[in-house]
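Chemist: Could you have a look at this structure, given as structure tokens, before my questions?
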């Protein structure tokens, strides 16, 4: 089983209340080969929500509010789902402060990208789950 970012499966859950549907991911879900999760919603954040970027290891909203606890909680709940469903792989949304894999936004809210992983990606990797960016499928 594969875990996928819910927004890639066509669910309107990103910070704008929109989706980033990916045909390959939607096919995996349709064929019952993947489960979906939105770590930010699992962490208790609303949809839509204020944009967040990682600054000095913390999840900071554009208005300066620290939502690191919610991001960590969402990452932990996503990990629980992976373990429960015996997922060995996850396909997550690129650049996201939760799901970004290898590249994330730099914390300036200007669209600039730097090397790094989102909260959920980092935790999943620490538990031996292979994480693939949506840009790489």
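Chemist: Is there a residue being touching a residue at least 40 places away in the same chain (Cβ under 8 Å) and either under 16 Å from residue 40 (Cβ atoms) or assigned to a helix (DSSP H, G or I) (or both) anywhere in the range 106-117?
Modeler: There is no residue in the range 106-117 that is touching a residue at least 40 places away in the same chain (Cβ under 8 Å) and either under 16 Å from residue 40 (Cβ atoms) or assigned to a helix (DSSP H, G or I) (or both).
Chemist: Would you mind stating whether residue 73 is farther than 20 Å from residue 135 by Cβ and surrounded by fewer than 21 Cβ atoms within 10 Å (Cβ to Cβ)?
Modeler: yes
Chemist: Residue check, residue 20 against (1) over 14 Å from residue 7 (Cα atoms); (2) in a loop (DSSP other than H, G, I, E, B), all met but one. Which one?
Modeler: (1)
Chemist: Which residue out of 97, 46 is part of a loop (DSSP other than H, G, I, E, B) and touching a strand residue (DSSP E or B) at 6+ places or on another chain (Cβ under 7 Å)?
Modeler: 97
Chemist: Give the residue, chosen from 59, 75, that is assigned to a strand (DSSP E or B), under 22 Å from residue 11 (Cβ atoms) and touching a helix residue (DSSP H, G or I) at 6+ places or on another chain (Cβ under 6 Å).
Modeler: 59
Here, each number is a calculation from the coordinates, and none is a lab measurement. A quick note: this is a predicted structure, and the numbers were derived from the prediction, not measured. Heads up, the Cβs are rebuilt from the backbone with ideal geometry, glycines too, and the neighbour counts pull from every protein chain shown.
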